[in-house]
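Trainee: Pasting a structure below so you can have a look.
The values are calculated or read from the model by the stated rules, or taken from the named source; none is laboratory data. Everything numeric here is computed off the predicted structure, so don't read it as measured data. Here the Cβ is made from the backbone with ideal geometry for all residues, glycine too, and neighbour counts use every protein chain on show. Each accessible area value is taken on the protein alone, full model and side chains, heavy atoms only, with ligands, DNA and RNA left out. Shrake-Rupley method; radii C 1.70, N 1.55, O 1.52, S 1.80 Å.
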Amino acid sequence: MLSELTEAMIVNGVVLATVLATDLGPARKISKIRLLRPLIAAAVIIPFFVNWPATHGMALAVEIAGVAAGLLGGLAANALMGVYRSPTTGKPVSRAGLPYAIFWSARAAFSYGSVHWFTAPLVSWGIAHQVSVAALTDGLIFMAIAMILVRTVALGMRASRLPAQALEPRSAEAAARSGQPGA
């Protein structure tokens, strides 16, 4: 049986691999499936890895902090990604490079650290503040899911707000044949 924090690490690893595979590159197509995939993944992940969220006390505060950190992290990730119309297809595409990959990797490293690097201080803090490992795990999972959802919604909004692609300039020869001035 896996520990609860190891389960959170698995979720974070899946999120990291998915995000990097779909977002890294100079011209990644923004399609409906690209926008729906993270929503489907979140719907699948939550029932498997979140047993019963806390409803009071510091445990609830930790879970809310995870969501808040995920919201801010998702906005930060969105800021590291460019969205534009492809000059060849006219369709919305995104570009993300090394800073984007480092950002997502650092977020995953934080979750990894909670299991391997700073477990003892985290457990001591949890005992002192009456926060269970389950609540810490839920906070980490909520952070990962919130980040990916915010990134996805922001990406979709940015793509939908792109101005319509301008028409290609006409050549002087084509303009002369049609009797209209060239561009």
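Trainee: Out of L140, L136, L80, which single residue is modelled with pLDDT of 95 or more and aliphatic (A, V, I, L, M)?
Mentor: When all the criteria are applied, what remains is L80.
Trainee: Now for a separate question. When you scan the range 147-161, do you find a residue that is at pLDDT below 85, surrounded by fewer than 21 Cβ atoms within 10 Å (Cβ to Cβ), assigned to a loop (DSSP other than H, G, I, E, B) and out of contact with any helix residue (DSSP H, G or I) (no Cβ under 6 Å at 6 or more places or on another chain), even just one?
Mentor: no
Trainee: Here's a check for you: in the range 60-88, which residue that is aliphatic (A, V, I, L, M) and touching an Asp or Glu at 6+ places or on another chain (Cβ under 9 Å) is nearest to A27 (Cα to Cα)?
Mentor: M81
Trainee: Mind checking which residues of the range 1-11 are modelled with pLDDT of 70 or more and open to solvent by 60 Å² or more (accessible area, probe 1.4 Å)?
Mentor: The one that is modelled with pLDDT of 70 or more and open to solvent by 60 Å² or more (accessible area, probe 1.4 Å): I10.
Trainee: Any residue in the range 94-107 that is within 15 Å of N78 (Cβ to Cβ) sitting within a Cβ distance under 7 Å of a residue that is β-branched (V, I, T)? List the pairs, counting only those 6 or more apart or interchain.
Mentor: S94/I30; S94/V83; W104/V19
Trainee: Follow-up question, since we're still on this one. Just for the range 116-125: of the residues that are in a helix (DSSP H, G or I) and not hydroxyl-bearing (S, T, Y), which one is surrounded by the fewest Cβ atoms within 10 Å (Cβ to Cβ)?
Mentor: Across the range 116-125, the extreme among qualifying residues is A120.
Trainee: While we're on this one: Among the residues of the range 126-142, what is the count of those that are touching a residue at least 24 places away in the same chain (Cβ under 8 Å) and assigned to a helix (DSSP H, G or I)?
Mentor: Residues meeting the conditions: 10.
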